[in-house]
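For reference, the structure discussed in these notes is given below.
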Amino acid sequence: MRWSLRILSGLTIMTAPYIWTVGQTGLESANRNLCDLLSTASPWPLPSCKFHMTYLGLWVIGILVAIAFAMFDTTRYVKKIAAPHGGIIHLTRRCCSQAGDRAKDSWAKVEPSHVIILGLMIASGGAAWLLYQGGAPDGPLLKKLKIAEQNVQILEAQAKSHASAEALMSLARPHLSSIDYDERRRILNTFYKHVNGPIRDTYGLAWGLYNDQPRLINANQKGVYEELVKIRQQLISEWQDLVAPLVRDAELYADIRNLNWNFHSTTLLPTLNELINVLRIPVESGNSVFVDSKETDKLKTGIQALGQWIEDTKDGIQKLRAKDDDAQVYRSEAKP
């Protein structure tokens, strides 16, 4: 045991100054100072300056060595005690035999009345605990059981209500055949592609023309006239070639038919016609004409109406697609 205490004492004495230095200057500063000191004194470069890891390794090794010495000393002490009794084996057998004899003597003193009394005491204690916890009508245990029963009943009622609600929702959900679902999805997706593609591009072209105010009002009116004609023709073509066929296909579906399809006549086209009529004769005659600010304001209003139509129509298409996704789709040869 002495060597174990010596090793642990030596490690403590060696580590205490390092811990005190770390407490004063911090871990990094202490390691850096020690590293500089040893690098100056040692002819070989140090592989690492993490001295806290070195101390940890020394402590692990020291504790293992101290345990080894303690085991060695303990073994010697046990052998010394067991020597008069013929060795460790004989001493162990003697101790086990003495413990067994004591247990037999203690059990021999136990009488049947002792066992009966112990059983009656355990039963009495259990009965008293049950009476205290829940035997009385208003006992804490009985209250807890009643609350638990009420919670179970509430959960059962909620489950039944939830099941009924799901059944009603299932009945209330619209039914679509697979053919109708595919056709509706084709119409809506194609319409959305046209709205968010060519029609939006025409909207951007009109905005670019409006933002070029000096040219729109009093410069290069022939170029402005040609751009106005181009925008009008694009709107008409987009209606005739892209949208009108979808309008005919949507006649079978009232909710799709109720979408606002007439973007060309309700937003920008009337204003374009007015401006083109104002500019056509002067441009064809090679003369200039002053475009009134009221006309440009009308153009701006028409462009904004077209932009709002684009956003509203996209939102309406998204809602119809969500409605179709929520419907119960059945195969066309089966009935819902």
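None of the figures in this text is laboratory data; all of them are computed from the coordinates on show. Computed from a prediction, not measured in an experiment: that's the story for all the values here. Cβ coordinates were reconstructed from backbone atoms using ideal geometry, including for glycine residues, and neighbour counts include every protein chain displayed.
For the reader, a short list of remarks on this structure follows.
- Amide H partners (placed H, <5 Å) of LEU176, local residues excluded: GLN328, VAL329, TYR330
- Sorting the segments 296-302, 76-82 by their mean number of nearby beta carbons within 10 angstrom, highest to lowest, gives 296-302, 76-82.
- Scoring 119-130, 274-285 by mean Cβ neighbours within 10 Å over their residues and listing the highest first yields 274-285, 119-130.
- Members of LYS193/LYS314; LYS298/LYS319; LYS230/LYS300; LYS193/LYS323; LYS80/LYS104 lying beyond 21 Å, as alpha-carbon distances in this model show: LYS298/LYS319; LYS80/LYS104
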